């Protein structure tokens, strides 16, 4: 994807699409933010592997910020640093199946990480701040998923300052080790320093994962310098401290221990996550199994997913040989990239319209293949990748709609898209002159457990919260090509429309959606999509994120005299003292 | 409390303390908002009682708005209307123990309620909007508590339009009946009409209480005109429809049925909730068992709770005779009023400092008395009132700190205040020349179940989420006067300080707290106070409220071209189309 052929409506000409010159211009003449990278191109992380232990060392290149106008000192980070981290975590899963433990550490002396770069935040548009926090949250949830589902337990070795986002990164690991040298400390200084919240799950992980006593958490989160040594252990902020002289050997011992206990079965070798096939047009992004089209005047992005063109491979080994070309893996990676691209580079998009084309039976065959090989490391990783991508869809602040039309293949895994949508429409019968098979929806085993939402429920269980029997009724129909009427009767789609009504109804809906307040819709959808229980993960995206976004709008943080703006100027912020 | 002696720092001189002339001036020359009222003074509701069935009829006096500048047409409401509703609900509990079912309805033809008054909202300061939503949410939670714990099931009889907050009020009842006349409808038109969310729990109750399917909820919440008739039942938005000709008899039959099933045991007669004894000084509010002092330069309000001056009465009948003068009831009502007063009239207050004076043994004696009479209707109501007041404390956006000093009585019920605080300090030993008993904390049965937080946990269970054994260890100490060291060792207080350090430490803490961003603290405390599970109630105050507050800050809602500002002008709002 070259910058030259990039359409001028988003970040072209160095002019960010966001409300303000958000953290200045993108560096190096870039006009849009790319979520794709690979280890050879990393500027900020060093991934090394020694037997079954991987080490990810943070070594931020302070001159390689994503935007102009700030230096990434002291291992502080911006979105570009986190894109590399997310990439590295993904590669551990797919490229290094022999890895059974991960050590996250710093390659710089006496500093682990100073957290999100403050100058970057101070200059960022609201939209960039929100998207930055969302992506970094997803990356940290991914580290926890790595532990829970890929059997790679993680250790964070803190050799010095771990402040704000630095400590929040540590919180995402399973075990936090802090050097006990009289100065190294963990801290969440956001509130006293910047008048904002730790935005990457810090508060929720302090209260709900590490279960720090609330009054101690209050002291901790209001103490700029943080907590060090034994007290950090007593307060449950870290798991262990070790003197500098024993730090390395303790890390090594602990990593060995974690690797030994890992349930991950050794696999001979991984696959290569080859760069995505991606072509950017003025109003489109084309991948091998996915096309995105932008109807800019209507503020719609249509994502058309293409089903497999060949039956699944004959064996798990053949799947490994296909590697990144294996259809379910390829499509998941492409969908993930498209969602991320739209979120941050296409802010003006009001609605994502999901369509598909292909043979539902083929999609089901792939699901069946993955189920049959569910104990194979690669099949398992692909399932969990889909789970994470679908969660990313749930958390995308755009109206989501699925149009199920003749010739589409919303079956099994792909049936999660209508279920993840705010609304779905299915066409009854055929259109004149269209000889493709009528629209259908097909459920499979995979819709009943493999893809939990962030609240821990399947999309069907969440949908039928009032009527669990309807989940059972749907389950009984697994494998059947449910036509429009059946899908509607089972409550699986919102509207079943015939050809006469279809165009008008869909058009009116999309026009209406574009006419509503974008902010109002974000709040509405964030509430209606997540009925039922909450988990730590869902709390992060609800309670914490929503409050943080509020604070990110308040003059006390972002006003000319606010703390974010005045940080580093030597001038104290001036606050409106009213408590709201 | 007369207006004449009201200090000029809040709403005096018709100048609201909030950031903007928030919905104009208070009407009738008032200078502050009073949460106290009584049925004789109601302007908007008619409470009538017929045997065991109470009817609360909404009949809003459109000329009796709390502020100037708008008419409360079509049973639309402002905070003043809701203060009366909250009062009426409270009186059902205490003054009318014979009531076993409640019918909520409108006294106006063809309209139930048009919801929160839009002109009021459009003119309101951010602080007023936030506090208005918080209070109305608490009132609706109170209606649900009435059903769950006082045995008064409620029916909402909707005889016409129930829009926005009107339908949200219905959602708080147990059973919604809608007249089927071809026009009466329920609706949540906030998003399409005003670009904000239904702010009184509507979205959460639609998704989590009525468990409306998410796509139908999406349609419902984006359809201005709402849903009527059979479809409203099918979509689970209401429980039943009845034609106009059968509406009255169906309501009556249903109310009888509910009353017959109520577990509330008939009691001869209730008590009178006499007006509170309350004196307002320039920098103080004095009640009979509670004093509030404002140190305005330090932005601190000190609330000193006074223990009982006499032992508990000899019998439950004697408690009934004491009525509103019974110490636990009196103090709960006073604390509730003080908290509400500070929240809305004293926005500049950064921290609430809880102190107490009295004999801990006497406090425990009252707790024991209530426990011994726990099946008596009045004792039960008092316990639940304390539960609600303590939840109100949890949800107060001020830093909460308890100072446990010699002569204090933080025992049993009052020990919930240090547990509800962000931090607590206890003085070790005595002060020179002070012969009052040293500071102590005393736990009782009541701290282990009677007062759940909105997340369903006791404050101790929430505090010791990581170490449930510590709850048991604390339980073993029930009834003991825990001195500073013991209370600290058990993890029940944050800091135990001796006389030498006390003044400085407390001063530095309070100064620091006042120096932080008020918004940042609101977000921080809202996250750290509620570790653990979420309930529908806690979701309302977290996910929904936080998103709504964000939207209430966004130009798309409140800007000059925003939807709230342009409503009713004939001009369409102009939105920034970026989705964030």
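The values are calculated or read from the model by the stated rules, or taken from the named source; none is laboratory data. In this text, all values refer to a predicted model and were calculated from it rather than measured experimentally. We place every Cβ from the backbone using ideal geometry, glycine too, and count neighbours over all the protein chains shown.
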TODO: Within segment B:447-467, track down each residue that is in contact (Cβ under 8 Å) with a residue 60 or more places away in the chain and more than 10 Å from chain A (Cβ to nearest Cβ).
DONE: B:450, B:451, B:452, B:453, B:454, B:456, B:457, B:461
Task: Hits in segment B:303-338 - residues which are surrounded by 20 or more Cβ atoms within 10 Å (Cβ to Cβ), in contact with a helix residue (DSSP H, G or I) (Cβ under 9 Å, 6 or more places away or on another chain) and in a helix (DSSP H, G or I) - done: B:319, B:320, B:327, B:328, B:329, B:330, B:331, B:332, B:333, B:335, B:336
- [ ] Considering only segment B:359-386, state which residues are farther than 25 Å from residue B:407 by Cβ and out of contact with any helix residue (DSSP H, G or I) (no Cβ under 8 Å at 6 or more places or on another chain).
- [x] B:372, B:375, B:377
TODO: Could you run through segment A:358-407 and say how many residues are farther than 26 Å from residue A:147 by Cα and not in a helix (DSSP H, G or I)?
DONE: 13
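Of everything in segment B:408-443, what is in a loop (DSSP other than H, G, I, E, B) and touching a strand residue (DSSP E or B) at 6+ places or on another chain (Cβ under 7 Å)? Give them in sequence order.
Narrowing segment B:408-443 to residues in a loop (DSSP other than H, G, I, E, B): B:408-409, B:421-422, B:429-439, B:443.
Across segment B:408-443, the qualifying residues are B:408, B:409, B:421, B:422, B:429, B:438, B:439.
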Open item on the list: Of the residues B:283, B:298, only one is in contact (Cβ under 8 Å) with a residue 40 or more places away in the chain, away from chain A (no Cβ under 14 Å) and more than 14 Å from residue B:357 (Cβ to Cβ); which?
Closed with: B:283
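Let's see how each residue does on (1) within 14 Å of another protein chain (Cβ to nearest Cβ); (2) buried (at least 24 other Cβ atoms within 10 Å of the Cβ); (3) touching a helix residue (DSSP H, G or I) at 6+ places or on another chain (Cβ under 8 Å):
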{"residue": "A:404", "(1), (2), (3)": "yes, yes, yes"}
{"residue": "A:407", "(1), (2), (3)": "no, no, no"}
{"residue": "A:410", "(1), (2), (3)": "no, yes, yes"}
{"residue": "A:419", "(1), (2), (3)": "yes, yes, yes"}
{"residue": "A:422", "(1), (2), (3)": "yes, yes, yes"}
{"residue": "A:425", "(1), (2), (3)": "yes, yes, yes"}
{"residue": "A:432", "(1), (2), (3)": "no, no, yes"}
{"residue": "A:435", "(1), (2), (3)": "no, no, no"}
{"residue": "A:438", "(1), (2), (3)": "no, no, yes"}
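Output the residue which, of all residues in segment A:204-229 that are in a loop (DSSP other than H, G, I, E, B) and touching a strand residue (DSSP E or B) at 6+ places or on another chain (Cβ under 8 Å), is farthest from the other protein chains (Cβ to nearest Cβ). So that I can check it myself, show each step before the final result.
Applying the first criterion (in a loop (DSSP other than H, G, I, E, B)) to segment A:204-229 yields A:210-213, A:222-226.
Still in the running and touching a strand residue (DSSP E or B) at 6+ places or on another chain (Cβ under 8 Å): A:223-226.
Values: A:223: 9, A:224: 10, A:225: 13, A:226: 15 Å.
Step by step, filter segment A:204-229, then rank; the result is A:226.
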TODO: Among what's in segment B:280-302 and is surrounded by fewer than 18 Cβ atoms within 10 Å (Cβ to Cβ) and not in a strand (DSSP E or B), pick the residue that is nearest to the chain's Cα centre (by Cα).
DONE: B:288
- [ ] Scan segment B:401-437 for residues that are without any contact (Cβ under 8 Å) to a residue 12 or more places away in the chain and within 18 Å of residue B:463 (Cβ to Cβ) and jot them down.
- [x] none
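With the requirement that a residue be in contact with a strand residue (DSSP E or B) (Cβ under 6 Å, 6 or more places away or on another chain), in contact (Cβ under 8 Å) with a residue 40 or more places away in the chain and part of a helix (DSSP H, G or I), what does segment A:144-183 give you?
So the first thing to find is which residues in segment A:144-183 are in contact with a strand residue (DSSP E or B) (Cβ under 6 Å, 6 or more places away or on another chain), and the list is A:147, A:152-167, A:170, A:173-178, A:180.
The next check asks that each one be in contact (Cβ under 8 Å) with a residue 40 or more places away in the chain; those that pass are A:152-167, A:170, A:173-178, A:180.
Result: A:165, A:166, A:167, A:170.
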Task: Residues of segment B:184-199 satisfying the condition of being within 13 Å of another protein chain (Cβ to nearest Cβ), outside any helix (DSSP H, G or I) and either buried (at least 24 other Cβ atoms within 10 Å of the Cβ) or modelled with pLDDT under 95 (or both) - done: B:188, B:195, B:196, B:197, B:198, B:199
Open item on the list: From the list A:570, A:491, A:479, exactly one residue is at pLDDT below 95 and farther than 30 Å from residue B:563 by Cβ. Which is it?
Closed with: A:570
Open item on the list: What's the total number of residues in segment B:536-580 that are within 10 Å of chain A (Cβ to nearest Cβ) and in a loop (DSSP other than H, G, I, E, B)?
Closed with: 12
TODO: Could you check, for segment B:332-353, whether at least one of its residues is farther than 20 Å from residue B:462 by Cβ and more than 22 Å from the chain's Cα centre (by Cα)?
DONE: no
Task: Verdict on residue A:527 being under 19 Å from residue A:198 (Cβ atoms) and at pLDDT 95 or above - done: no
Open item on the list: Tell me which strands (runs of 3 or more DSSP E) are completely within segment B:30-133 and hold 2 or more residues being without any contact (Cβ under 8 Å) to a residue 24 or more places away in the chain, or say none if there are none.
Closed with: B:45-50
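From B:178, B:237, grab the single residue that is more than 10 Å from every other protein chain (Cβ to nearest Cβ) and closer than 16 Å to residue A:528 by Cβ. Quick ask: steps written out before the conclusion?
Details: B:178 fails: closer than 16 Å to residue A:528 by Cβ.
Every option except B:237 fails the conditions.
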